[in-house]
């Protein structure tokens, strides 16, 4: 909810909505005293994620929306010389290699 508790609608994929429906059914099957629907469940999930995981997983989340092509185009446009461009691209590639190494080591654990 927004600051003034106004409700906003956010579209989600059909597959995700179906999964939410399955989770709602699983919770409701525990007994009549469990009152839940898809909207309440997704609100609870988002609140939990924001409280527990957002800061820890911010880098992963940012990575999903990072536009490499746009970033590299910006490096080219802002570079004043070929040496400047070469240095900037080299730094970008080193950061990228380090992220790949970290991801591979995390996947192997």
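The values are calculated or read from the model by the stated rules, or taken from the named source; none is laboratory data. All of these numbers come straight from a predicted model, not from anything done at the bench. Methodologically, a virtual Cβ is constructed for each residue, glycine included, from the backbone with ideal geometry; neighbour enumeration extends over all protein chains shown.
Do the conditions hold for residue 76, that is, is it under 30 Å from residue 103 (Cα atoms) and in the same structural domain as residue 99 (by TED's automatic domain parsing)?
Considered against the rule, which asks whether it is under 30 Å from residue 103 (Cα atoms) and in the same structural domain as residue 99 (by TED's automatic domain parsing), residue 76 comes out as yes.
Once region 1-40 is narrowed to residues that are surrounded by 11 or more Cβ atoms within 10 Å (Cβ to Cβ) and in a loop (DSSP other than H, G, I, E, B), the residue that is farthest from the chain's Cα centre (by Cα) is 34.
Within this structure, residue 75 passes the test of being surrounded by 11 or more Cβ atoms within 10 Å (Cβ to Cβ), touching a residue at least 12 places away in the same chain (Cβ under 8 Å), assigned to a helix (DSSP H, G or I) and in contact with a helix residue (DSSP H, G or I) (Cβ under 9 Å, 6 or more places away or on another chain).
Taking the options 39, 106, name whichever one is at pLDDT below 90 and either more than 30 Å from residue 8 (Cβ to Cβ) or outside the structural domain of residue 6 (by TED's automatic domain parsing) (or both).
Numbers: 39 fails: either more than 30 Å from residue 8 (Cβ to Cβ) or outside the structural domain of residue 6 (by TED's automatic domain parsing) (or both).
Going through 39, 106 in turn, the sole match is 106.
Any residue at all in region 82-90 that is exposed (fewer than 10 other Cβ atoms within 10 Å of the Cβ), assigned by TED's automatic domain parsing to the domain that holds residue 103 and farther than 27 Å from residue 103 by Cβ? Yes: one or more hits.
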